[in-house]
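Asker: One structure is given below, represented as structure tokens, and several questions about it will come after.
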Amino acid sequence: MTVSDTSPANDRVVIFDTTLRDGEQSPGATMTHAEKLEIAELLDDMGVDIIEAGFPIASEGDFRAVSEIAQRSKDSVICGLARAQYADIDRCWEAVKHAKQPRIHTFIGTSPLHRAIPNLTQDEMAERIHDTVTHARNLCDNVQWSPMDATRTEWDYLARVVEIAIKAGATTINIPDTVGYTAPVESADLIRRLIAEVPGADEVIFATHCHNDLGMATANSLAAVAGGARQIECTINGLGERAGNTALEEVVMALKVRSDIMPWHTRVDTKKIMHISRRVATVSGFAVQFNKAIVGKNAFAHESGIHQDGMLKNAETFEIMRPEDVGLSATNLVMGKHSGRAALRDKLRQMGVEVGDNQLKDIFVRFKELADRKKEVYDDDILALVTATTEGA
Ligand code: KIV
Ligand code: ZN
């Protein structure tokens, strides 16, 4: 399978952000009411199509947050989560109904392991799905349905319940890889087969919701799009249960940078990525790993002499994206023991210091000695070296 071997019906992918629901469910990532409002506003402003704002029946706080986010929403659809129970769905509707564009998202675990928990037979669960989706649709025009653990659900049963949900009025069918078990080729094939074989599938949007337990969430989401999904569910910084969810910044930038082989675009203003990434890291208390794709501290940083020299000559030698495109002002050439003389001269120029060749040679020798003792050499250290060499110390 290659990502370009399908003919998508359209070239737009809807971005569904669940930072405030699946992301916040991550142990220890709880946000305050004010923080949730702030993140929702940033998501709306950056062009996220759908914000899953919370799980209204889970707590009074979640209900209040979803209601207020719904009331303040501008362009985004505001969605709330509900189990396959009337009370959940009613509570969810009470919260999202204030939005200009509300959505109810209802789900039930359909794999054998998940069916065993409520102890329902296949037929009993099918009936529950029919009844709850119908109930949700009587309240709201925009209903999303998810068979939780879809990727470990038997094909025949999955196809059967997806058809039931579509007939009962679901407008989006989300296919969750709840435990991050699937692989990209399967992710694409599953969506492609559902679209091809389930009656009524061409009348709904298929969504992909991936977890990152095997580090494949981004690849699986993009493969699902190649298979025909037109909604990606994701979170900022990949925040989420266990190893997290698909990272919004990764799928959005992958679609932007590799539009040559993935011809699907989003509405997201990528220049706003870095700011929201930092805010989510701060309010959730989950620091972003240094080498995290797109938003890590080192994602646009270079230390080795060869890389720094290449970057100074032509940024495209070692960068496939421009830092400005994700909201960073510039590439960071980190001054350390791997840096070369060209980078040192460039750094001095940035600091407004012009030195002759002999002084540069002298500063460079001292800089290397210092860099051997310190992990990173800061601007102040370099200025001290300039003073020392000027004074002939
Ligand atoms: O991972 C999952 O299955 C979920 C569902 C509630 C959609 O988050
Ligand atoms: Zn999930």
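Asker: Under a Cβ-only charge scheme (Lys and Arg +1, Asp and Glu -1), can you give me the dipole magnitude of segment 164-302 about the Cα centre, in debye to the nearest 20?
Answerer: So the dipole magnitude of segment 164-302 works out to roughly 600 debye.
Asker: Here's something else I'd like to know. In the Gaussian network model of the chain, springs joining C-alpha atoms below 10 Å, which of Gly227, Gly180, Gly285 carries the largest mean-square fluctuation?
Answerer: Evaluated over the chain, the most mobile residue of the options is Gly285.
Asker: Starting from 0.36 nm per residue, how many nanometres of slack lie between Thr121 and Asn291 once their C-alpha separation is accounted for?
Answerer: 56.6 nm
Asker: Moving to a separate point now. What full-extension length gain, to one decimal in nm, is calculated for His33 and Asp213 as 0.36 nm per residue of separation minus the Cα-Cα distance?
Answerer: Length difference between fully extended and current span is 61.9 nm.
Asker: Which listed residue (Ala84, Gly109, Phe55) has the Cα farthest towards the positive end of the charge dipole for segment 1-142, taking +1 on Lys and Arg C-beta and -1 on Asp and Glu C-beta about the Cα centre?
Answerer: Comparing the listed Cα positions along the dipole, Ala84 ranks first.
Asker: Another question, if that's okay. Looking at the chain, identify the longest residue range that excludes and avoids all chymotrypsin sites (Phe, Trp or Tyr not before Pro) in DSSP loops having at most 11 other Cβ atoms within 10 Å.
Answerer: Value returned for the longest uninterrupted segment is 1-289.
Asker: Suppose a student asked you for the relative contact order of the chain, using Cα pairs under 8 Å spaced at least 6 residues apart; what percent would you report?
Answerer: Relative contact order of the chain: 14 percent.
Asker: With +1 on each Lys and Arg Cβ and -1 on each Asp and Glu Cβ, how big is the dipole of segment 348-390 about its Cα centre, in debye rounded to the nearest 20?
Answerer: 140 debye
Asker: Also: In terms of the ratio Rg/(2.2 N^0.38 Å) built on C-alpha atoms, what value belongs to segment 198-295?
Answerer: 1.12
Asker: Expressed as an acute angle from 0 to 90° and rounded to the nearest 10, what is the orientation of the C-alpha long axis of helix 379-390 relative to the principal long axis of the chain?
Answerer: 10 degrees
Asker: Could I ask something else about it? Applying 1/(1 + (r/R0)^6) with R0 = 35 Å to the Cβ-Cβ distance of Trp155 and Val257, what FRET efficiency is obtained, to the nearest 0.05?
Answerer: Between Trp155 and Val257 the formula returns 0.55.
Asker: Calculate for the chain the 222 nm mean residue ellipticity that helices alone would give, adding -39,500 (n - 2.57) per DSSP H run of length 4 or more and normalising by residue count, nearest 500 deg cm²/dmol.
Answerer: After summing the helix terms and dividing by the residues of the chain, the value is -13000 deg cm²/dmol.
Asker: Right, something else. Find the Rg to Rh ratio for segment 1-147, where Rh is the Kirkwood radius over alpha-carbon pairs and Rg uses the same atoms.
Answerer: Rounded to two decimals, Rg/Rh equals 1.01.
Asker: Once the other residues with Cβ under 11 Å from the Cβ of His135 are scored (Lys, Arg +1; Asp, Glu -1), what is the net sum?
Answerer: After counting each charged neighbour, the total is -1.
Asker: With 15 Å as the cut-off, how large is the P(r) tail for segment 12-62, expressed as percent of Cα-Cα pairs?
Answerer: The calculated P(r) of segment 12-62 puts 45 percent of pairs beyond 15 Å.
Asker: Ok, one more. Please list, by residue number, every one of the trypsin sites (Lys or Arg not before Pro) in segment 1-108 that is coil in DSSP and has at most 13 other beta-carbon atoms within 10 Å.
Answerer: When the trypsin sites (Lys or Arg not before Pro) of segment 1-108 are filtered for loop state and at most 13 Cβ neighbours within 10 Å, Lys74, Lys100 remain.
Asker: Still on this structure, I have one more. Can you list, bin by bin at 20 Å, the percent of alpha carbon pairs in the chain, starting at 0?
Answerer: 26, 47, 19, 7, 0
Asker: Pick from Asp75, Asp372, Asp189: which residue has the top mean-square fluctuation in a GNM of the chain where Cα pairs under 10 Å get a spring?
Answerer: Most flexible of the set in this elastic network: Asp372.
Asker: With a ≥ b ≥ c taken as the square roots of the eigenvalues of the C-alpha gyration tensor of segment 150-196, please select rounded if a/c is under 1.5 and otherwise prolate if a/b is larger than b/c or oblate if it is not?
Answerer: prolate
Asker: Out of every Cα pair in segment 121-215, what percent are spaced more than 19 Å from each other?
Answerer: For segment 121-215, the fraction of Cα-Cα distances above 19 Å is 38 percent.
Asker: Compute the signed sum of charges (Lys and Arg +1, Asp and Glu -1) over the other residues within less than 12 Å, Cβ to Cβ, of Gly109.
Answerer: Neighbourhood net charge equals +3.
Asker: Based on Cβ point charges of +1 for Lys and Arg and -1 for Asp and Glu, what charge dipole magnitude is obtained for the chain about its Cα centre, in debye rounded to the nearest 20?
Answerer: 660 debye
Asker: Based on other C-beta atoms within 10 Å, arrange Ser187, Ser339 from fewest to most.
Answerer: Ser339, Ser187
Asker: On full extension of the chain, what length is gained from Lys74 through Asn358, given 0.36 nm per residue of separation minus the C-alpha to C-alpha distance?
Answerer: 96.2 nm
Asker: Filter the trypsin sites (Lys or Arg not before Pro) in segment 237-330 to those in DSSP coil with at most 12 other Cβ atoms within 10 Å of their Cβ, and list the result.
Answerer: Qualifying residues, ordered by number: Arg242.
Asker: Under 16 Å Cα-Cα from Lys100, which lysines qualify once same-chain neighbours fewer than 8 residues away are excluded?
Answerer: Lys74
Asker: Moving on to the next point. Compute the acute angle (0 to 90°) between the alpha-carbon long axis of helix 33-45 and the principal axis of greatest extent of the alpha-carbon atoms of the chain; round to the nearest 10°.
Answerer: Roughly 80 degrees, rounded to the nearest 10.
Asker: Moving on to the next point. Could you give the angle, 0 to 90 degrees to the nearest 10, between helix 184-197's Cα long axis and the longest principal axis of the Cα atoms of the chain?
Answerer: Here the helix axis deviates by roughly 30 degrees.
Quick note: the coordinates plus some simple rules give every number you see, no bench work behind them. The shown structure was predicted, so the numbers you read here are calculated from the model rather than taken from an experiment. Here Cβ is always computed from backbone atoms with ideal geometry, including for glycine, and neighbour counts include all displayed protein chains.
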